[in-house]
Ligand code: SAH
């Protein structure tokens, strides 16, 4: 469907709530095109009513245009599932989609429904964070953990399941926050994890801050992250390419953090640091 940009977030969340397992969002200047697959019939009437209702709040937005087409079931359903094989990560974790329920003994299952937020476990930066988070939590039982840029919620879920006493998850994207909340419930950790928009909204200091963002954001947030670390806390940063590593490490060093460990997969680097 094609919608006004100011309606895109709300309509995107609505599509996910209605059962779309994925959503493609393409910005085109004055409008946003949202494409969602529904396993059954698309909820066209509900969608049209919802979009019309939003125009009470945004009267200047042009009406949303809904178009549907039938896609042969096997085409998308099977291809989609092929992209999300379950994976063992680190020593104790196992990330799996809902349609694969068996978790190998000795591992902790993290069930992620591949939706519209980043963080299915298939990306090297997510795996880097999981591996180093597991390592950090091993020496910090009952840690207070903050996940900056939670996306699907995968790292916050891992932290809670690995025994964190309290977890905070932040994301600036309202759709990611909605997806994360749903995944927290599905994993039975909604009580243990609090969700917020930004680090600034969250109280206190953390034993572990993990941030899978992008190189330039890790540089921008270096001081803010350092300020929130408990005295013997660790910061885990990811989303940087090998060629950005020196610049990020220098910014973190300038903020008072020294490197402890790094994970590298396919040129994607994850760094773990602690206050000097
Ligand atoms: N933590 C997940 C997802 C990482 S994707 C994983 O490791 O797989 C990065 C997420 O960070 C996105 O959902 C994006 O919306 C969010 N983000 C970007 N800048 C941010 C900021 N300054 N504060 C909080 N979240 C941010």
For the chain, modelled as a GNM with alpha-carbon contacts under 10 angstrom, which of 177, 65, 228 fluctuates the most? 65
Could you give the length gained on full extension between residue 174 and residue 83, defined as 0.36 nm per residue of separation minus the Cα-Cα distance, in nm? 30.2 nm
Helical mean residue ellipticity (222 nm; -39500 (n - 2.57) per DSSP H run of 4+; nearest 500) of the chain: -10500 deg cm²/dmol
What distance in nm lies between label points placed 7 Å from Cα along the C-beta direction at residue 260 and residue 276? 1.7
Cβ crowding within 10 Å averaged over residues, with 120-128, 232-240 ranked highest first: 232-240, 120-128
Of 268, 168, 99, how do they rank once you tally other Cβ atoms within 10 Å and put the fewest first? 99, 268, 168
Along the Cα→Cβ direction, 7 angstrom out, place labels at residue 232 and residue 35. What is the inter-label distance in nm? 5.2
Which of 67, 134 has the fewest Cβ neighbours within 10 Å, and the rest in rising order: 67, 134
Per-pair calculated FRET efficiency, R0 = 30 Å: residue 220 and residue 61 via Cβ, rounded to 0.05: 0.40
Could you list the square roots of 5 times each eigenvalue of the Cα gyration tensor of the range 123-191, that is, the equivalent ellipsoid semi-axes, sorted largest first and rounded to whole Å? 19, 14, 10
Taking Cα atoms of the range 1-137, Rg/Rh with Kirkwood Rh, to two decimals? 1.07
Relative contact order (percent) for the chain, with alpha-carbon contacts under 8 angstrom and 6 or more residues of separation? 13
Over the chain, volume per residue of the alpha carbon convex hull, in Å³: 143
So for each of 135-142, 40-47 I average, over its residues, the number of other beta carbons within 10 Å; can you give me the resulting order with the highest mean first? 135-142, 40-47
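Any read-out appearing in this document is the output of simple, stated calculations on the displayed coordinates, not a laboratory observation. None of the values given here were measured: they were computed from a predicted structure. Note that we place each Cβ from the backbone using ideal geometry, even for glycine, and neighbour counts take in every protein chain shown.
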